[in-house]
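Please treat every number below as a calculation from the coordinates, not as lab data. For clarity, every value in this text was computed on a predicted model and none was experimentally measured. Positions of Cβ are generated from backbone atoms using ideal geometry, with glycine treated the same way; all protein chains shown enter the neighbour counts.
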Amino acid sequence: MTQLIECVPNFSEGSNMSIIKQITDEIESVEGVKLLNVDPGKATNRTVVTFVGTPDAVVQAAFLAIKKAGELIDMSKHKGEHPRMGATDVCPLIPISNITMEETATYAVKLAKMVGEKLNLPVYLYEDAQKDKKRSNLSVIRAGEYEGFFKKIKLPEWKPDSGPAEFDAKRGATVIGARDFLVAYNINLNTTSTRRANSIAFDVREAGRVMREGDKVTGKIITNPDGSPKSTPGTLKSVKAIGWYIEEYGIAQISMNLTNINITSVHKAFDEVCNKAQERGIRVTGSELVGLIPLRSMLDAGKYFLKKQKRSIGVSEKELIKIAVRSMGLDELSPFDPEERIIEYKLRNKLDSKLVSMSLVEFANETASESPAPGGGSISAYMGSLGASLATMVANLSSHKKGWDDRWEEFSNYAEQGQYFKDELNKLVDLDTNAFNKIMSAFALPKTTDEEKKSRAQAINNATRFAIEVPFKVMNLAHDSMQLIKTMVEIGNPNSVSDAGVAALCARSAVLGSFMNVRINCTGYDDKAFVSKMINEGKVIEQNAIKIEAEIIAIINSKIEN
């Protein structure tokens, strides 16, 4: 399986789009990488770029970008709110799929060596790429910033990990490392005071604030026995934060790095800053993301805010994202486009969801065309999805039914189950058509030589097995959704019992229709043991679906007649 690494270099230029474009052009010139996001900030005079690709391609693209940034950016003239020390200030590599942190760190070291030796630029390693933990923290490395590094780099303990121990006045120095996925997140305040913003940042960040005698600002610093400053920890783990004033927007912000979103999520950070701001007479007006965010973070945020309202969380992915954006004011300063800001959406191939992205009319027209796909398999999957959708609707109506307020969470859980069945079956609508296309592609392979014939036969066999497994999965999902449908018939909103009945008809049809596809594709597969297993298990699922449907219809008839 393909290894993927994400790279998020920060360049010390946020206004001149021509310079930024020249840097990103270098990244896009490398085969095997995909540019995901470019996020310039005028006030910070800094641009965060996000791209992803195979490890060697990412290293090459990062090297070219660092080289070009050093040619175009003059740090001796740089001004900006964000701490910085170089034209390419920091360049982290992040493991995305099929690669460990240890492996990612080796690529970071490789990149640092290339930059130091080939570009003659001072490079420091940080986080998991740095063996010396005393200098693995980015803020510790960058302390003193650009202006202070002319002296700092001469200190023996601050000799660069690669490159010369001479500070480059034009390019500065850069920090390269390997780390977990980090969310850069700014929270907007209704104040212009940097000091008050910093006070809130100190309240929440893990490092907290330095302890002082008497006055919290001017008092003498209290130290530990070893001479290091004592500090009072903040309320949020795995969070770095500072306060600053953004002239571009005329507001102060809490600028945060959430270094482990499994420990402190975006929504938890937002709510905690709201609480601490309110204690100081300040209001949070919204927030903004810098760069990309994982889909799970947005979905979790949507569910979190719905739960606070005692509303069902069994709503669509799109609706959860909308709730998250509204609740945290992510669109206060600029529009929030999920397609551009969520990493999974940037990576996905839209061709993989061609059918489910169509309108109902387009889907019907495509089905009715002379093309053999989409066919019965895709339609079966879609019928299953519609059945699950109807069951989810009943669950949501029940969750919000007047007089059933104490049962909102019970039905919310059912609605969440229904969303799972719906989403999985939707994926299989396109996957079934893709399975058919794989078979057609395999049959079109050359068959002139013995080697070609052997390769073609294997490709046909592999594609046929896939074309059996996809509708079999539809069968299982549609069958499993019928238990949810039955539950909604039994205990759900009585006004929607007929809707649940239609859901049962859809689910049963999905099971029977998919089994037809399983059986017909089994006729072309040469593994008889596998074929026997699929047919025997399919018969059991089919009979169970017919039985459950009959039970559901009987319950519905009883309720309607009474």
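Dividing the C-alpha radius of gyration of segment 183-347 by 2.2 N^0.38 Å, with N its residue count, gives 1.12.
When all alpha carbon pairs of segment 415-562 are counted in 10 Å bins from zero, the resulting P(r) reads 11, 33, 27, 16, 8, 3, 1, 0 %. Stretching the chain fully between E117 and Q309 yields a gain of 63.4 nm (0.36 nm per residue, less the alpha carbon separation). Just going by the charge dipole of segment 4-178, with Lys and Arg at +1 and Asp and Glu at -1 on Cβ, which of G177, Y107, L138 is farthest out on the positive end? Checking the options against the dipole of segment 4-178, the answer is L138. Farthest toward the positive end of the dipole of the chain, out of G384, F11, S327, is the Cα of F11, where the dipole comes from beta carbon charges about the Cα centre. Among the listed pairs K68/K268; K402/K486; K68/K237; K118/K240, those with a Cα-Cα distance over 27 Å are K68/K268; K68/K237; K118/K240.
Between L445 and E248, the contour length at 0.36 nm per residue exceeds the Cα-Cα span by 65.0 nm. Of the peptides 136-143, 67-74, the ranking by mean beta-carbon count within 10 Å, highest at the top, reads 67-74, 136-143.
So what is the relative contact order for the chain, in percent, with contacts set as C-alpha pairs under 8 Å and at least six apart? Reported as a whole number, the value is 10 percent.
Modelled this way, with points 7 Å down the Cα-to-C-beta line, the labels at A368 and E157 are 7.8 nm from one another.
Between D56 and K133, what FRET efficiency comes out of the Förster formula 1/(1 + (r/R0)^6) with R0 = 35 Å and r the beta carbon distance, rounded to 0.05? The formula returns an efficiency of 0.80 here.
Out of M516, P494, F530, whose Cα points farthest toward the positive end of the dipole of segment 354-561 (charges: +1 Lys, Arg; -1 Asp, Glu; placed on Cβ)? Farthest towards the positive pole: F530.
The simple Förster model, with R0 at 22 Å and r as the Cβ-Cβ distance, assigns W404 and E279 a FRET efficiency of 0.05.
From Cα pairs below 8 angstrom and at least 6 apart in sequence, can you work out the relative contact order of segment 354-561, rounded to a whole percent?
That works out to 27 percent.
Shown here for segment 303-385: GluC sites (Glu not before Pro) in loop regions (DSSP other than H, G, I, E, B) with at most 13 other Cβ atoms within 10 Å, namely E370. From most to least packed by mean Cβ count within 10 Å, the peptides 392-401, 201-210 give 392-401, 201-210.
A simple spin-label model places the labels of F150 and M358 6.7 nm from each other, with each point 7 Å out along Cα-to-Cβ. Over the chain, dividing the summed -39,500 (n - 2.57) contributions of all DSSP H runs of at least 4 residues by the number of residues returns a 222 nm mean residue ellipticity of -17500 deg cm²/dmol.
Using the Cβ-Cβ distance between A207 and M101 with R0 set to 22 Å, the FRET efficiency works out to roughly 0.45.
Across the alpha-carbon atoms of the chain, the computed radius of gyration and Dmax are 28.8, 90 angstrom.
Among the trypsin sites (Lys or Arg not before Pro) found in segment 446-476, those both in a DSSP coil and sparsely packed, with 15 or fewer other Cβ atoms within 10 Å of their Cβ, are K447.
Run the Debye formula on the Cα coordinates of segment 299-363, all scatterers equal and no solvent, and tell me log10 I(q)/I(0) at q = 0.17, 0.19, 0.22, 0.24 1/Å. Result of the Debye calculation: -0.74, -0.86, -0.98, -1.03. The mean sequence separation of alpha-carbon pairs under 8 Å and at least six residues apart, normalised by the residue count of segment 29-185, gives a relative contact order of 28 percent.
Evaluated with a Cβ-only charge set (Lys, Arg +1; Asp, Glu -1), segment 406-562 carries a dipole of roughly 740 debye about its Cα centre, given to the nearest 20. Placing +1 on each Lys and Arg Cβ and -1 on each Asp and Glu Cβ, with no other charges, gives segment 130-255 a dipole about its Cα centre of roughly 300 debye. Taken about its Cα centre, the chain carries a charge dipole of roughly 1360 debye when the Cβ of each Lys and Arg holds +1 and the Cβ of each Asp and Glu holds -1. Between D25 and S455, full extension at 0.36 nm per residue minus the direct alpha carbon distance yields a gain of 150.8 nm.
Inter-label distance, E166 to T223: 3.7 nm, where each label sits 7 Å from its Cα along the C-beta direction.
Remark on segment 4-178: hydrodynamic radius 15.7 angstrom, per the Kirkwood mean of 1/r across alpha carbon pairs. Note on segment 35-122: the C-alpha convex hull projects to 6.1 nm² when averaged across all orientations. Calculated on the Cα set of segment 268-412, radius of gyration then Dmax: 19.6, 68 Å.
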